[in-house]
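Asks: Starting off with a structure, shown below.
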Amino acid sequence: MKLSIVILNYKVPHHLMLCLDSVTKSIENIEAEIIVVDNKSLDASCELVRKNFPEVRLISNKENLGFSKGNNIGVKKAQGEFLCILNPDTVVPEDCFENLLKYYQELKKPGAVGVQLIDGSGKFLKESKRNIPTPRVALKKLTGNSSSYYNFKLKKEDKGSTDILVGAFMFMKTEVYLNIGGFDEDYFMYGEDIDLSYRILKAGFQNYYLGSVKVLHFKGESTIKDQLYVNRFYEAMYIFYKKHFKNYKTSFSLVKQILKLTMALERIKLKSIKNRKQTFKETLLVSESKCLRNKVANRLNSKIKVSSKITSEVENSFIIIDSNYLQYRDCINIMTNLKSKNNAYRIKPRNYNFIIGSESKYLKGEVIDLS
């Protein structure tokens, strides 16, 4: 088997359905398997996978084992030569894995490969390509200077080497992941992708970035800045510095003090975003389905303008994209091309009666039931 895709799910059933729909389209011409590991979501996630994707290998954990252990459980069942660690709140283009497999053949001593991640508004997520977060670099980042934290040597559309990738999407040979030891299970959540990336480098491999492949990541699903987040972030930073840097005690103490202030400012920013209500001049449906138009109009109680395509002039609009009409690659391109036009986007997955999307990496996504 050529490829195994491991998706760790926790309480995002609708995002998981959209993700699986895009992934199944992307592997139509590849000998591949999909493994979903559910960390005791206690919702409809497992039932939906069994009903809609019977070909998917589902592992239902009896407790929430965290990001690292959950993914490691999935990888142990993987049979593919190549492996992709993928978040459930992502959407991949149809040619995603074909392009990655082709790019991989060009690389020297490849470790993991990352892609250009965008959020639900089409904005580039800078964590797609990062440098090693040494204590000095991390402290500069927390005080507002991210010039050394992100890899600005590579433009977002470029391809080339980078140090650190993000756990939402990591592509590599399965043997590399296993030989490195997989994700360190001392990390429950956060920091494990940095640690794995760094250990890959220390083992003599090089990580790479392929900016021509764009993957949508509804990051707001996992960015609630509450005390639990802060505590887990503290723990992750402490593990990383203790493991890899001799001066970890001083570094962690400084990081902890600055992080408290940073998180307080983040919560103020998040509250401001939540209270900001956006109004749109029109609602556009990119589809040929009259039935879908009627469903959307009734659900939103709004006049719907149906369009066969979205031009670069569209702005301040609520845009609903029917993935039965456009490919997921086209959905992603529309979002990135119009990212500065003050639009909002919702995607209608194939064969499902809901639309889904998010305006910001700071906010949880919205699911609108059309049934």
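The values are calculated or read from the model by the stated rules, or taken from the named source; none is laboratory data. Keep in mind it's a predicted model, so treat the numbers as computed, not measured. Using ideal geometry, Cβ is built from the backbone for each residue, glycine included, and neighbour counts are taken over all protein chains shown. To get the accessible areas, we keep the full protein, side chains included, count just its heavy atoms, and leave off ligands, DNA and RNA. Shrake-Rupley method; radii C 1.70, N 1.55, O 1.52, S 1.80 Å.
Asks: If the requirement is being of a type outside the set (S, T, Y), farther than 21 Å from P93 by Cβ and crowded, with 23+ Cβ neighbours inside 10 Å, which of these qualifies: N61, N71?
Replies: Details: N61 fails: crowded, with 23+ Cβ neighbours inside 10 Å.
Exactly one of N61, N71 is of a type outside the set (S, T, Y), farther than 21 Å from P93 by Cβ and crowded, with 23+ Cβ neighbours inside 10 Å, namely N71.
Asks: Something else now. Could you list, in sequence order, the residues of region 48-94 that are farther than 30 Å from N333 by Cβ and among the aliphatic types (A, V, I, L, M)?
Replies: Those that are farther than 30 Å from N333 by Cβ and among the aliphatic types (A, V, I, L, M): L58, I59, L65, I73, V75, A78.
Asks: Next up: I'd like to check something: does region 335-345 contain any residue that is open to solvent by less than 60 Å² (accessible area, probe 1.4 Å) and part of a strand (DSSP E or B)? Working first, answer last.
Replies: Our first condition is that a residue be open to solvent by less than 60 Å² (accessible area, probe 1.4 Å); within region 335-345, this holds for 335-336, 338, 343-345.
After this cut, where a residue has to be part of a strand (DSSP E or B) as well, the list is 344-345.
Yes; the residues of region 335-345 include at least one that is open to solvent by less than 60 Å² (accessible area, probe 1.4 Å) and part of a strand (DSSP E or B).
Asks: All but one of (1) under 23 Å from K25 (Cα atoms); (2) touching a Phe, Trp or Tyr at 6+ places or on another chain (Cβ under 8 Å) hold for N316, so report the exception by its number.
Replies: So N316 meets the others, but not (1).
Asks: Turning to a different aspect of this structure: Just to check your reading of the model, which residue among I356, I332 is more than 20 Å from C291 (Cβ to Cβ) and under 19 Å from the mean Cα position of the chain (by Cα)? Step through it out loud before you land on a result.
Replies: Working: I356 fails: more than 20 Å from C291 (Cβ to Cβ).
Every option except I332 fails the conditions.
Asks: A further question on this structure: Within region 81-133, count every residue that is within 25 Å of N343 (Cβ to Cβ) and hydroxyl-bearing (S, T, Y). It would help to see each step written out before you state the result.
Replies: Start the filter on region 81-133 by keeping residues that are within 25 Å of N343 (Cβ to Cβ), which leaves 87-96, 115-128.
Subsequent filtering for residues that are hydroxyl-bearing (S, T, Y) retains 90, 121, 128.
Total meeting the criteria: 3.
Asks: Scanning for something within 28 Å of V176 (Cα to Cα) and either open to solvent by 30 Å² or more (accessible area, probe 1.4 Å) or touching a helix residue (DSSP H, G or I) at 6+ places or on another chain (Cβ under 9 Å) (or both), does region 46-56 turn up at least one residue? Even if it seems obvious, please write down each step before you answer.
Replies: To start, the set of residues in region 46-56 that are within 28 Å of V176 (Cα to Cα) comprises 55-56.
Then keep just the ones that are either open to solvent by 30 Å² or more (accessible area, probe 1.4 Å) or touching a helix residue (DSSP H, G or I) at 6+ places or on another chain (Cβ under 9 Å) (or both); that gives 55-56.
Within region 46-56, one or more residues are within 28 Å of V176 (Cα to Cα) and either open to solvent by 30 Å² or more (accessible area, probe 1.4 Å) or touching a helix residue (DSSP H, G or I) at 6+ places or on another chain (Cβ under 9 Å) (or both).
Asks: Check off (1) surrounded by fewer than 17 Cβ atoms within 10 Å (Cβ to Cβ); (2) more than 22 Å from F67 (Cα to Cα) for K141 and give me the number that stays unchecked.
Replies: Going through the list (1) surrounded by fewer than 17 Cβ atoms within 10 Å (Cβ to Cβ); (2) more than 22 Å from F67 (Cα to Cα), K141 breaks only (1).
Asks: If you don't mind, another one. Within region 1-91, considering only strands (runs of 3 or more DSSP E) that don't extend past its boundaries, which have at least 2 residues that are in contact (Cβ under 8 Å) with a residue 40 or more places away in the chain and farther than 20 Å from I356 by Cα?
Replies: Answer list for region 1-91: 3-9, 32-38, 82-86.
Asks: Of everything in region 114-138 that's surrounded by 16 or more Cβ atoms within 10 Å (Cβ to Cβ) and in a helix (DSSP H, G or I), which residue is modelled with the highest pLDDT?
Replies: Among those residues, the one meeting the criterion is S128.
Asks: Then there's this: Looking at this structure, is I34 surrounded by fewer than 18 Cβ atoms within 10 Å (Cβ to Cβ) and in contact with a strand residue (DSSP E or B) (Cβ under 6 Å, 6 or more places away or on another chain)?
Replies: Against the criterion (surrounded by fewer than 18 Cβ atoms within 10 Å (Cβ to Cβ) and in contact with a strand residue (DSSP E or B) (Cβ under 6 Å, 6 or more places away or on another chain)), I34 does not qualify.
Asks: Residue by residue through region 153-175, note down the ones that are outside any strand (DSSP E or B) and surrounded by fewer than 21 Cβ atoms within 10 Å (Cβ to Cβ).
Replies: If we filter region 153-175 for residues that are outside any strand (DSSP E or B), which is where we start, we get 153-158, 162-163, 165-168, 174-175.
Within region 153-175, K153, L154, K155, K156, E157, D158, D163, T174, E175 qualify.
Asks: Continuing with the same structure: Of all residues in region 92-113, which are outside any helix (DSSP H, G or I) and open to solvent by 10 Å² or more (accessible area, probe 1.4 Å)? So that I can check it myself, show each step before the final result.
Replies: Step one: list which residues in region 92-113 are outside any helix (DSSP H, G or I), which gives 92-95, 105-113.
Hits for region 92-113 are E94, D95, Q105, E106, L107, K108, K109, P110.
Asks: Which of the residues that make up region 288-331 are in a helix (DSSP H, G or I), under 23 Å from L216 (Cβ atoms) and without any contact (Cβ under 8 Å) to a residue 24 or more places away in the chain?
Replies: D330
For (1) assigned to a helix (DSSP H, G or I); (2) more than 20 Å from the chain's Cα centre (by Cα); (3) without any contact (Cβ under 8 Å) to a residue 40 or more places away in the chain, each residue gets a yes or a no:
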| residue | (1), (2), (3) |
| --- | --- |
| Y177 | yes, no, no |
| E185 | no, yes, no |
| Y190 | no, no, no |
| D193 | yes, no, yes |
| L196 | yes, no, no |
| I200 | yes, yes, no |
| Y209 | no, no, no |
| K214 | no, no, no |
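Asks: So, one more: If the requirement is being at pLDDT below 95, β-branched (V, I, T) and open to solvent by less than 30 Å² (accessible area, probe 1.4 Å), which of these qualifies: V213, V306, V230, V286?
Replies: On the way: V213 fails: at pLDDT below 95; V306 fails: open to solvent by less than 30 Å² (accessible area, probe 1.4 Å); V286 fails: at pLDDT below 95.
Unique residue meeting the criteria: V230.
Asks: Next up: Looking at region 113-143 only, could you name the residues that are over 12 Å from the mean Cα position of the chain (by Cα) and within 14 Å of G160 (Cβ to Cβ)?
Replies: V113, K129, R130, N131
Asks: So, in region 144-154, how many residues would count as being at pLDDT 95 or above and either under 19 Å from the mean Cα position of the chain (by Cα) or under 25 Å from Y238 (Cβ atoms) (or both)?
Replies: Number satisfying all stated conditions: 2.
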